[in-house]
1. Do any chymotrypsin sites (Phe, Trp or Tyr not before Pro) in the stretch 140-173 lie in a DSSP loop with no more than 16 other beta carbon atoms within 10 Å, and if so, which?
2. If you roll a 1.4 Å probe over the chain with all protein chains in place, what percent of the accessible area is carbon or sulfur?
3. Contour minus end-to-end for Ala49 and Thr74, with contour as 0.36 nm per residue of separation and end-to-end as the Cα-Cα distance?
4. So what is the 222 nm mean residue ellipticity for the chain from helices alone, if each DSSP H run of at least 4 adds -39500 (n - 2.57) and you divide by all residues, rounding to the nearest 500 deg cm²/dmol?
5. Rank Val97, Trp84, Leu108 by how far each Cα sits towards the positive end of the charge dipole of the chain (+1 on Lys, Arg Cβ; -1 on Asp, Glu Cβ) and give me just the farthest.
6. Give a quick list of trypsin sites (Lys or Arg not before Pro) in the stretch 121-172 that DSSP marks as loop, anything other than H, G, I, E or B, with at most 13 other Cβ atoms within 10 Å.
7. Give the residue from Leu217, Ile144, His52 lying farthest towards the positive end of the charge dipole for the chain; charges sit on Cβ (+1 for Lys and Arg, -1 for Asp and Glu) and the dipole is referred to the Cα centre.
8. Quick one: dipole size for the chain, taken about the Cα centre, charges +1 on Lys/Arg Cβ and -1 on Asp/Glu Cβ, in debye to the nearest 20.
Amino acid sequence: MDLAVAYNLTLPPREVLRLQGYKRPTDTPTPEVVAILEEALREARRLLAPRHTFRVFDVAAVTPEGIRLAGGETLRFAGAERRWGTFTQVALGILTVGEALEQRVDALLEQREFPLAFMLDAAGWVAIEEVALALTNTICNVHIARGLKVTPRHSPGYGGWDIWDQQVFFRLLPAERIGVRINDYCVMIPGKSLSFGAGIGPAARVEQVHKCQRCDLRDCAFRLVPRRGAGPLESETFRAREGTWERLLGRS
Ligand code: SF4
């Protein structure tokens, strides 16, 4: 499924600093650190190239050990039903921010420019999370319009999902088109890449209010609550859609 996604990466400086150990609001970086942060953000914006490949698969069966797809492949995601509730389809995706940033980090490490290298690397991790959020929000927006809920994403290697299922992802999705491959240990190259799955269905398990609060899709007519930090919902289209939500949330 070709899904156009607006990747407006904001690279929140506080998030980059948090990965550098500035975890408390009171942790203030020195002017020297701020200068390195600003340089890293300039470089990151120049080097990042977000891309994704994504497809939806019909589910044939779900067992405690995993998910059998209609096409015959099996996903060894133990406890999928416990996490995702009842779902009839699975969205599988691979995304990346490209290899340029990583190559620059390697070059800076070679030059022993460690502070800038680590700051740029942290900016890369913040970016991959932003890309994943933008893609999964768009998936949600497209499916909610069809009365289908989309669960939070999970990835092979975490939460009971067998890491070797990366091989299934790379069989089912044309990852070479976005310049991503895996090595013999199922590690993705470039390293700033991510694979994920999410359950889809009218009764899929999702904390929708929490999800809408974290979602920065501006024009979603199905938004349940304002984005965290945004103003109240006034749009007419939202009011018109309230019925859809009452039904999906079992309140009518
Ligand atoms: S605002 Fe809510 S319903 Fe709309 S795309 Fe975002 S998470 Fe989904």
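1. Qualifying residues, ordered by number: Tyr158.
2. That fraction is 52 percent.
3. Once the chain is fully extended between Ala49 and Thr74, it gains 5.9 nm.
4. Value at 222 nm, helices only, nearest 500: -12000 deg cm²/dmol.
5. The one lying farthest along the dipole's positive direction is Trp84.
6. Arg146
7. Ile144
8. Dipole size: approximately 880 debye.
The values are calculated or read from the model by the stated rules, or taken from the named source; none is laboratory data. On a predicted model such as this, the values are computed, not experimentally measured, just so you know. Glycine also receives a Cβ, built like all others from the backbone with ideal geometry; neighbour counts cover every protein chain displayed. Just so you know, the surface numbers come from the protein's heavy atoms only, side chains and all, with ligands and any DNA or RNA stripped out. Shrake-Rupley method; radii C 1.70, N 1.55, O 1.52, S 1.80 Å.
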